[in-house]
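The values are calculated or read from the model by the stated rules, or taken from the named source; none is laboratory data. Since the model is a prediction, treat every value here as computed from it, not as a measurement. So basically every Cβ, Gly included, is an ideal-geometry build from the backbone, and we count neighbours across all protein chains shown.
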Amino acid sequence: MPNFSSRTSVRSVSLLLGMLAGGKKMDSAQLPLRHYVPAKPDGPFPYSAADLTPMDAGNDAGFYGPARFVTHIDDNAIVNLRGYYDQVLPRKGRIFDFCSSWISHYPPELEQAAASGELEIDGTGMNKAELSKNSVLKHWSVQDLNEDPEVRIPGSMEGGLDAATCVVSIDYLTKPVEVLQSIRKQTNKGGKVHLIISNRCFPTKAVGRWLKVDEDDRLDMVGDYLWWSGWRNIEIQTLVAGSFMRDPLWVVRAQNEPEQTEQDKAQTQ
């Protein structure tokens, strides 16, 4: 039996099932950025409870209990992620890193802004020892979002987020809409969320559908999570075109927009 105690690649699973599903393959050279469009924007949430149930359901506290001071994407992906963050994240205000760990992969400029007090970075995750080593976090807390999806952002101030980030962990959330909706409600208008995706995971903890579909479908699945939790202006961008020698990396990002009035809707028709 394979040992799933550390992160393993699901590339062989996704390629095989992708071919069985019709041979779709993401061409990152031709599609570096695309705008997400929901298939049925006014329909019900398109995933079942079974789709969002992992092979090893429950006992997340036990699974994530042992500290893992490792990086879950390769060095090339980390460099590109830091470069992306450097371009899109604010230098002032408040950032929330959820499903966080001992490192958040923020660039030095953001770390300096946090050290100066101009930027506050808070986080939540599953392991106390890991979070305590993350020097960029001003406040942090342990919260099992699968048990309690109402996100409690640590610190003295409620809400007021300018951005939120999540690195290669959205595939573990069994209540993704509730979690993302909770974060959106605590995000300033115009604030953004950046969900970083690769093809690496703990296979027993990724939700069921994640392991059954190809990479394009996974990215659209995350877009669906965002749409049904009220985020808008959803975009999918390739950060690293993967190969057998390097990890692929994407971001699915969205913006918190004010609700459109009837007048606004009429003007856009």
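Listed values, structure above:
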quantity	calculated
Residue match in the stretch 30-49 (condition: part of a loop (DSSP other than H, G, I, E, B), farther than 17 Å from Ile197 by Cα and either modelled with pLDDT under 75 or in contact with a Leu (Cβ under 6 Å, 6 or more places away or on another chain) (or both))	yes
In the stretch 224-240, the residues that are of a type in the set (Phe, Trp, Tyr), closer than 17 Å to Lys189 by Cα and part of a helix (DSSP H, G or I)	Trp227
Looking only at the stretch 103-133, and only at residues there that are within 17 Å of the chain's Cα centre (by Cα) and either in a helix (DSSP H, G or I) or of a type outside the set (A, V, I, L, M, F, W, C) (or both), the one that is nearest to Leu173 (Cα to Cα)	Gly125
Whichever residue in the stretch 50-66 is closer than 16 Å to Cys201 by Cα, part of a loop (DSSP other than H, G, I, E, B) and among the hydrophobic types (A, V, I, L, M, F, W, C) and, among such residues, is modelled with the highest pLDDT	Leu52
Subset of the stretch 166-194 [β-branched (Val, Ile, Thr), within 16 Å of Ser229 (Cα to Cα) and in contact with a strand residue (DSSP E or B) (Cβ under 8 Å, 6 or more places away or on another chain)]	Ile170, Thr174, Val179, Ile183, Thr187, Val193
Whichever residue in the stretch 195-223 is of a type in the set (D, E, K, R) and not in a loop (DSSP other than H, G, I, E, B) and, among such residues, is nearest to Val252 (Cα to Cα)	Asp220
Selection within the stretch 134-166 - crowded, with 19+ Cβ neighbours inside 10 Å, part of a strand (DSSP E or B) and touching an Asp or Glu at 6+ places or on another chain (Cβ under 8 Å)	Trp140, Ala164, Thr165, Cys166
Per-region count, the stretch 143-172, residues within 26 Å of Thr204 (Cβ to Cβ), of a type in the set (A, V, I, L, M) and at pLDDT 95 or above	4
One residue from Lys185, Lys192 being surrounded by fewer than 20 Cβ atoms within 10 Å (Cβ to Cβ) and either farther than 25 Å from Met126 by Cα or at pLDDT 95 or above (or both)	Lys185
